[in-house]
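The values are calculated or read from the model by the stated rules, or taken from the named source; none is laboratory data. Bear in mind that the values here come from a model prediction, so they are computed numbers and not experimental data. Cβ placement follows ideal geometry from the backbone for every residue including glycine, while neighbour counts extend to all protein chains displayed. In case anyone asks, the SASA skips ligands and DNA or RNA and just uses the protein heavy atoms, side chains included. Shrake-Rupley method; radii C 1.70, N 1.55, O 1.52, S 1.80 Å.
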Amino acid sequence: MTTRLLALTRSRTTPSRAVSALVVGLLLAVLLVFFVLPVLWLLLAPSKTAGQIVHDNPLSFGSFGRIGDAWRHLFSFEDGAVLVWLRNSAVYAGGSLLLTLLTSVPAGYALALTRFRGRKMLLAITLVTMIMPSATLVLPVFLELNAFHLIGTAWSVILPFSFYPFGVYLVYIYFATSLPRDLLAAARIDGCSEWQLFTRIALPLAKPVIGLVAFFSFVGNWNNFFLPYLVLPNSDQFPIQVGLNQLLSSTPSFNPVAGAGLNITIPELALAVIIAILPVLVLFLFSQRTLVSGMLAGATKE
């Protein structure tokens, strides 16, 4: 009797497992088509000519010599404008990251561990601002920057980038849930001031979440296109994301009126995209451990 029941159970579970495996396989196939194949195409595109991209196998490799040609054509565009755009992106993203950490970390600490009038309202405003689409704030930010005569300067990008309510909320969650209150109480008994509590106890313990805020802030600022496109009028001020738009408009395949002598075709454009995402990729590869520990920070309460 027991053997028959086991056989019936196995016969019922086997089709369900097969269906589950089929669903998982179809899902992986869809992900492969829509995410992995475009990345492979992008990596292989600089190794071919524009004609080979159109007529040859999309996933075929051209030659290393063609990669060198695309590299020379790309970095000769407007006398090395790509290098200027990369430098500008590093300045904008790095400067705003520094200001973000200097403001977000103390703000999150204050919201989590101090009690003052208007604290709950300030936290609610932070949450509302965090979930608002960034495009909704572009017009008032532009008018404010224009009133202070900052349009066209590096500060017109760095200052808005430094406004990062999501970072404030991450730090608030960490300090509100993971920082041992007994440790702070013992430090106060030993005579530590509030500033010493923050710098000598809270900050060293908060390294994972600070790394998480730094990563998300840098990636968001590096990839931001809309605001720099509006506030920066000159090509030598563009970050790499806005520069890619200028490269796109200089590619005859996308802009028929573009000059034919610029040597900017699809391979050069693909190489520019790879170069633009390379800093973020390197940062991610070298900060995975910090990101994982930062994401788990605050997952448990004391």
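Key figures for this structure:
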quantity	calculated
Cα-based shape type of the chain, given that a ≥ b ≥ c are square roots of the gyration tensor eigenvalues and the cut on a/c is 1.5	oblate
The chain: calculated mean residue ellipticity at 222 nm from DSSP helix runs of at least 4, using -39500 (n - 2.57)	-21500 deg cm²/dmol
Low-density loop positions, trypsin sites (Lys or Arg not before Pro), region 83-170 - DSSP coil, at most 15 other Cβ in 10 Å	Arg115, Arg117
Arg66 - accessible surface, heavy atoms, 1.4 Å probe, Å² rounded to 10	40
Dipole of the chain, positive end: most advanced residue of Gly152, Ala206, Leu44 [Cβ charges, Cα centre]	Ala206
Using a Förster distance of 45 Å, the FRET efficiency for Ala18-Asn234 (Cβ separation, nearest 0.05)	0.15
List Leu232, Leu98, Leu44, ordered by accessible area with a 1.4 Å probe, largest first	Leu98, Leu44, Leu232
Spin-label pair Leu98/Trp41, simplified geometry with 7 Å Cα→Cβ offset, distance in nm	4.2
At most 16 other Cβ within 10 Å, DSSP loop - chymotrypsin sites (Phe, Trp or Tyr not before Pro), region 173-276	Phe225, Phe254
Cα gyration tensor category, rounded, prolate or oblate, for region 114-166 with a/c compared to 1.5	prolate
